[in-house]
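Visitor: Structure below; questions to follow.
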Amino acid sequence: MPSSAPHTAPLKLRRPALAGALACLLLLAFCLLTPAPAQAASEKLPPSLIDKVLDRGVLRVGFSSFVPWAMQDKNGEFIGFEVDVARRLAKDLGVELQLVPTRWSGIIPALLADKFDIIIGSMSVTPERNLKGNFTIPYDYATIEAVANKEKTKGMKFPEDYNKPGVVIAVRSGSTPALAAKKLFPEATLRPFDDEAPAVQDVIAGRSHLMLSSAPLPAFSVLRNPDVLYQPTTEAISRQPVGFLIRKGDVDSLNVLDNWIRMAEEEGWLKDRRNYWFHSTDWEKLVR
């Protein structure tokens, strides 16, 4: 019958379309529910720093000497705030600690060259350093203070009289105090040193007028040499966060280290260690 044709033809066309739609839905459900692709992607990720440390059983820590952050005792063993932090971190990870003393001016290139796993070395966070590696959250804050030679700076007002040609300021090469000195005293002459001890000696000898350094070294230097040295100001020149530095692109390791710092801070362990190393001189008997 002519009247039945319009009802049968459209039904034949809809069946293939319906079958196609069902197939698409089944394929979509398969893609959403199956975990295989995600697992495959995860398996292709390279091992993190923490993975490598756990496999090796050793945490390699790069650092440089800054009193009392890290220094050698009478027996030649490394001690200090940073050393305590590195030892506790290694213990909590269940691995051995390998300390890798490194010249400060080359410490970031050494990290990038895989000479060690991490820098725990009183390193302040700066944009320039952060472009080369990833910092953790701060586990401490570094304040920069000044110490000067009494005789050589007699009659000089701080800071205005120090920003003049002929004034010599001792600093440690590549350090945050060196950056601060360059910014605050652009007219003065900066005298760089690879270590802080000879920089202090340069001020004591009167070859440099002033030295900028992280606290508490300036105050301790005055206590040891009260007849020669003094602090032209006891106020902090600047205060900057200090973090661990690792190579870029390792989100998993940053998560582990950030949470370790939060835990150590929350339980009061970091505060206890700061009080011992920065607010007492009890440790001085270990190095003298």
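Visitor: Any idea which residue in the stretch 238-255 is modelled with the highest pLDDT, counting only those that are β-branched (Val, Ile, Thr) and crowded, with 17+ Cβ neighbours inside 10 Å?
Guide: Ranking the candidates gives ILE246 first.
Visitor: Could you list all residues from the stretch 200-227 that are in contact with a Lys or Arg (Cβ under 6 Å, 6 or more places away or on another chain) and surrounded by 15 or more Cβ atoms within 10 Å (Cβ to Cβ)?
Guide: If the condition is that a residue be in contact with a Lys or Arg (Cβ under 6 Å, 6 or more places away or on another chain) and surrounded by 15 or more Cβ atoms within 10 Å (Cβ to Cβ), then SER208, HIS209 are the ones that fit.
Visitor: Same structure again: For SER105, work out the one condition from (1) in contact with a strand residue (DSSP E or B) (Cβ under 6 Å, 6 or more places away or on another chain); (2) closer than 23 Å to ASP194 by Cα it doesn't fulfil.
Guide: (1)
Visitor: Another one. Within the stretch 60-96, track down each residue that is more than 17 Å from GLU265 (Cα to Cα), β-branched (Val, Ile, Thr) and within 18 Å of the chain's Cα centre (by Cα).
Guide: VAL61, VAL67
Visitor: Within the stretch 157-189, take every residue that is of a type in the set (Gly, Ala, Ser) and touching a strand residue (DSSP E or B) at 6+ places or on another chain (Cβ under 6 Å) and give me the one that is nearest to VAL200 (Cα to Cα).
Guide: Applying the filter and picking the extreme gives ALA170.
Visitor: Additional query: Within the stretch 97-133, can you find the residues that are closer than 17 Å to VAL256 by Cα, out of contact with any helix residue (DSSP H, G or I) (no Cβ under 6 Å at 6 or more places or on another chain) and not β-branched (Val, Ile, Thr)?
Guide: If the condition is that a residue be closer than 17 Å to VAL256 by Cα, out of contact with any helix residue (DSSP H, G or I) (no Cβ under 6 Å at 6 or more places or on another chain) and not β-branched (Val, Ile, Thr), then GLY133 is the only one that fits.
Visitor: Please find, within the stretch 190-199, the residue that is surrounded by the most Cβ atoms within 10 Å (Cβ to Cβ) out of those that are touching a strand residue (DSSP E or B) at 6+ places or on another chain (Cβ under 7 Å) and in a helix (DSSP H, G or I).
Guide: By that ranking, first place goes to ALA199.
Visitor: To continue, here is another question. For the stretch 132-170: of the residues being farther than 22 Å from LEU111 by Cβ and of a type in the set (Asp, Glu), which is surrounded by the most Cβ atoms within 10 Å (Cβ to Cβ)?
Guide: GLU145
Visitor: Separate question: Does GLU128 count as out of contact with any Asp or Glu (no Cβ under 9 Å at 6 or more places or on another chain), within 17 Å of GLY243 (Cβ to Cβ) and loosely packed, with under 13 Cβ neighbours inside 10 Å?
Guide: It is true that GLU128 is out of contact with any Asp or Glu (no Cβ under 9 Å at 6 or more places or on another chain), within 17 Å of GLY243 (Cβ to Cβ) and loosely packed, with under 13 Cβ neighbours inside 10 Å.
Visitor: Would you mind finding the one in LYS271, LYS248 that is on the phi < 0 side of the Ramachandran plot, charged (D, E, K, R) and without any contact (Cβ under 8 Å) to a residue 24 or more places away in the chain?
Guide: After applying the criteria, what remains is LYS271.
The values are calculated or read from the model by the stated rules, or taken from the named source; none is laboratory data. Everything numeric in this text was worked out from a predicted model, so none of it was measured. Please note: Cβ atoms are built from the backbone with ideal geometry, for glycine as well, and neighbour counts cover all protein chains shown.
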